[in-house]
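*Asks:* My questions will all concern the structure given below.
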Amino acid sequence: MNKVHISQFYACSRISYACELYYVCELGKYLFFNYGETLSIDGVLLESDLNKSIIWDYFRMAVDEGWVVDTGITDEEFKVSIQYPLDMKMNKIRNILLTTESVVFDREDNNKRRNDINYAYRTPERYQVSFSEMKDEYWYWTLNGEGNRHFLENNKIFGHNQADQSWLSLIAFVAVERLKKKAPTLLLIEFTYQIVYNFTPLSYILILAEKTNCFSGWVKYTFDNSVEEEVKDQINYAAWWKIGQDKGYLNRWYSPAEKREYLKSFDIKEGDFVMLYKRKKAQKTNYIKEIDNCHLARLISISGFKYTFEVFNTTKTYFQGFEEFEDYTIAVKHMYQDKKPYEELNISTKSIDINDLGIMYMMQTEENFIVPLSESEDYIRMRVSNGESNDTLLLPQNDLVYWICRDYGYEFDEERFLSKYFKDREPLYTQYMRGDVLEAKYYINE
């Protein structure tokens, strides 16, 4: 059987995420069933914690079926055998084979799926997917499909508990077509609130889009006007949560001792900054929940089971606060009397029992959790001034943290902060206040 190396789809030397492993299986599956070929991952390293995910057994099956070859894994436990069977959790894995052709109900296949779990797990179930447009330049997918007549077909695929896997199967289907037929150039996908309302369906797409080069610029997705910014934030949180789940976390109660050791692994000590999240209350069995709010915080003390934080309620540079205050009406300004809100740093103190404080992915039902700054990335649009010029900058998260602290004379271990987060360059604050011209990528022209 002819082999197609994964490098023909995208540059890949290491697989770190379970969702990428699933995507690799799907590439192999469509090569196998549609073109009689197999996918080689020769030379690709697999992270050791991938086997903590339910995807690992799906990968073992894909290798056993011949969809994926050259894994470089020699451990006998990897092979499927009576001693080491597949963990066939049908409610957590989707094995589908998408086609643009009509799929006729197959009673014999349906009966086999109901009576033979091994057949159901190993044999892809065929579904018709419908695109609104299919041109050499692009294939454009919307929920209603071609001529707005295929909602039911598309909803069968993506209105499912494992929709995050279904999206990767769709992209793999198109990726194989691109490789074999040299078209389409782009895959365009439109998401509506009806698709993303429970936040989890896009988890795997977001992870691969942001943390790998699987889609290498050819997969483009947009949200229509029904998807509000708050929903997009929850979608991003769900993707972050999914990474932790796939790594074997978020599924049990963790002891204070375990959490302390985990915190040490991120080199977080008293005096360090973290992002402090609060989750909305939900049913105890709803472990993912929703994010209620998020604040920059500094861990100021650890005393027994009590972790105390200084929580930053000021989220803007001094100049941004000043300009916003100046735009207020006179009536609103009078409400503040002589105490302008931007003039002082607004900080509150919060103490949390370690039993109600998740540490990164080490949590289950905790209402609060913290994430190290090194594990949290964001870019924030902000107005700044150095006394000679005023600019709108796109500040990386840690640059904004440093900027706010310097603007308000906040005392912290500056040397440790710089050594942790600015090993390769000076903070933008330092450069800007010195009068340097920053890299063009940081400026926003208005």
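*Asks:* Starting from segment 106-132, keep only residues that are in contact (Cβ under 8 Å) with a residue 60 or more places away in the chain and in the same structural domain as F173 (by TED's automatic domain parsing), then list their pairs with residues that are part of a helix (DSSP H, G or I) and of a type in the set (F, W, Y) whose Cβ atoms are within a distance under 8 Å, requiring at least 6 positions of separation or different chains.
*Replies:* P124/F33
*Asks:* Only helices (runs of 4 or more DSSP H) wholly contained in segment 317-424 count here; list those with 2 or more residues that are aliphatic (A, V, I, L, M) and more than 24 Å from the chain's Cα centre (by Cα).
*Replies:* Of the helices (runs of 4 or more DSSP H) lying wholly inside segment 317-424, those with at least 2 residues that are aliphatic (A, V, I, L, M) and more than 24 Å from the chain's Cα centre (by Cα) span 330-336.
*Asks:* Give segment 298-327 a look and list any residue that's loosely packed, with under 14 Cβ neighbours inside 10 Å and under 26 Å from I380 (Cβ atoms), or say none.
*Replies:* Within segment 298-327, N313, E324, E326, D327 qualify.
*Asks:* Also: If you go through segment 70-94, how many residues are free of Cβ contacts under 8 Å to residues at least 40 places away in the same chain, at negative phi and in a loop (DSSP other than H, G, I, E, B)? Walk me through it before giving the result.
*Replies:* Taking segment 70-94 first, the residues free of Cβ contacts under 8 Å to residues at least 40 places away in the same chain are 71-90.
With at negative phi added as a condition, the list becomes 71, 73-90.
Those left that are additionally in a loop (DSSP other than H, G, I, E, B): 71, 73-75, 79-90.
Residues in segment 70-94 being free of Cβ contacts under 8 Å to residues at least 40 places away in the same chain, at negative phi and in a loop (DSSP other than H, G, I, E, B): 16 in total.
*Asks:* Same structure again: Residues that are under 18 Å from the mean Cα position of the chain (by Cα) and among the polar types (S, T, N, Q): which helices (runs of 4 or more DSSP H) entirely in segment 139-210 hold 1 or more of them?
*Replies:* Once the helices (runs of 4 or more DSSP H) in segment 139-210 are filtered for at least 1 residues that are under 18 Å from the mean Cα position of the chain (by Cα) and among the polar types (S, T, N, Q), what remains is 163-181.
*Asks:* A further question on this structure: For residues in segment 430-444 being under 29 Å from the mean Cα position of the chain (by Cα) and not basic (K, R), which is surrounded by the fewest Cβ atoms within 10 Å (Cβ to Cβ)?
*Replies:* Residues of segment 430-444 under 29 Å from the mean Cα position of the chain (by Cα): 439-444.
Filter once more, so that each one left must be not basic (K, R): 439-440, 442-444.
Details: E439: 10, A440: 7, Y442: 17, Y443: 13, I444: 12.
By that ranking, first place goes to A440.
*Asks:* Hey, another quick one. Looking at K220, K211, K180, can you tell me which residue is among the basic types (K, R) and modelled with pLDDT under 95?
*Replies:* So the residue among K220, K211, K180 that is among the basic types (K, R) and modelled with pLDDT under 95 is K211.
*Asks:* Got a number for residues in segment 233-253 being of a type in the set (D, E, K, R) and assigned to a helix (DSSP H, G or I)?
*Replies:* Pass one, segment 233-253, residues of a type in the set (D, E, K, R): 233, 242, 246-247, 252.
Pick out the ones that are also assigned to a helix (DSSP H, G or I) and you get 233, 242, 246.
Within segment 233-253, residues that are of a type in the set (D, E, K, R) and assigned to a helix (DSSP H, G or I) number 3.
*Asks:* Which one of these is under 16 Å from Y237 (Cα atoms) and either at pLDDT 95 or above or of a type in the set (D, E) (or both): D267, D292?
*Replies:* None of the other options fit; the residue is D292.
*Asks:* Between a residue in segment 401-416 that is basic (K, R) and any residue that is surrounded by 15 or more Cβ atoms within 10 Å (Cβ to Cβ), which pairs come within a Cβ distance under 6 Å, given they are 6 or more apart or on different chains?
*Replies:* R406/Y429
The values are calculated or read from the model by the stated rules, or taken from the named source; none is laboratory data. In this text the structure is predicted, and so the values were computed from the model without any measurement. Note: ideal-geometry Cβ built from the backbone for every residue, glycine included; neighbour counts use all protein chains shown.
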